[in-house]
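Trainee: Attaching a single structure in structure tokens format; questions to follow.
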Ligand SMILES: CC(C)(COP(=O)(O)OP(=O)(O)OC[C@H]1O[C@@H](n2cnc3c(N)ncnc32)[C@H](O)[C@@H]1OP(=O)(O)O)[C@@H](O)C(=O)NCCC(=O)NCCS
């Protein structure tokens, strides 16, 4: 049985991973949610209006009452701002497995921030919640995301062909990475 604990705060060297609050709306809109480049390989498109971002955060805030919800805001201690998110997007209770997804603002790319966040989240999911397998997948063109998975010690498992349609209409394939608790 998984021991769900919900979205509890996790501190790393540079980050605090914590619940989203309504006052994070401006940071989220400005730092990543309105940026088409950040959204290039994501299922959702850039927010055209800050009210969309606010609604998304309020929905997440409501979902925290459910202790199976894992959606962290990535708060950069040095910058004193929220720069991205990392979450559990799918969970399979009987197999004790889950899938994580993440994004951060362009200004913060290539500083090892998401690798730091992903390592901390996987540790929490394995040792606090009891998951035994964490999966992540990325559009094969999204090389940076694959690097994050590799640097966090995940193992390439397979390519899933023609998983979906990008917002530009093209078909895409996904690379699937996995980490088992026994790999740690
Ligand atoms: C993918 C993403 C989360 C990476 O976050 P990050 O904090 O920049 O990640 P890290 O700095 O830990 O690692 C990124 C790695 O990719 C590399 N990289 C970045 N852009 C690259 C590119 N175009 N081609 C190849 N490698 C690239 C970086 O050099 C770094 O590798 P290194 O440490 O070996 O040099 C971030 O770019 C992002 O939020 N993108 C938009 C949203 C998104 O795509 N989310 C993932 C969906 S699957």
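Trainee: With each pseudo-label sitting 7 Å past Cα toward Cβ, what's the residue 181-residue 1 distance in nm, one decimal?
Mentor: It is 1.5 nm.
Trainee: Considering only DSSP beta bridges whose two residues both sit in the range 1-155, what percent are antiparallel, to the nearest 5?
Mentor: Taking every DSSP beta bridge within the range 1-155, about 85 percent pair in antiparallel fashion.
Trainee: I need to check one value: relative contact order of the chain, counting alpha carbon pairs closer than 8 Å and at least 6 residues apart, in percent.
Mentor: Rounded, it is 20 percent for the chain.
Trainee: Using the count of nearby Cβ atoms within 10 Å as a rough guide to exposure, how do 93, 99 rank from fewest to most?
Mentor: 93, 99
Trainee: Label the range 70-179 by shape, choosing from rounded, prolate and oblate, from the square roots a ≥ b ≥ c of the eigenvalues of the Cα gyration tensor; if a/c is under 1.5 it is rounded, and otherwise prolate applies when a/b is larger than b/c, oblate when it is not.
Mentor: oblate
Trainee: Still on this structure: What is the distance in Å between the Cα centres of the range 66-85 and the range 160-184?
Mentor: After rounding, the separation between the Cα centres reads 24 Å.
Trainee: Would you mind ranking 77, 96, 65 by Cβ crowding within 10 Å, fewest neighbours first?
Mentor: The order, fewest Cβ neighbours first, is 65, 77, 96.
Trainee: Now for a separate question. In vacuo Debye scattering of the chain, one point per C-alpha: log10 I(q)/I(0) at q = 0.12, 0.15, 0.18 Å⁻¹?
Mentor: -0.56, -0.90, -1.33
Trainee: If you don't mind, another one. Taking the Cβ of each residue in 72, 60, 23, 109 as the centre, tally the other Cβ atoms inside 10 Å and list the residues starting with the fewest.
Mentor: 23, 109, 60, 72
Trainee: For a quick check, take a GNM of the chain with Cα springs below 10 Å and name the residue from 101, 146, 112 with the largest mean-square fluctuation.
Mentor: Per the Cα network of the chain with a 10 Å cutoff, 112 tops the list.
Trainee: Pairs of alpha-carbon atoms within less than 8 angstrom and 6+ residues apart define the contacts here; what relative contact order does the range 1-96 have, in percent?
Mentor: Averaging sequence separation for qualifying contacts and normalising by length gives 37 percent for the range 1-96.
Values quoted throughout were computed directly from the atomic coordinates according to the rules given, and no laboratory measurement underlies them. Since the structure is predicted, the reported quantities are computational estimates derived from the model, not experimental observations. Virtual Cβ from ideal backbone geometry, glycine too; neighbours counted across all protein chains shown.
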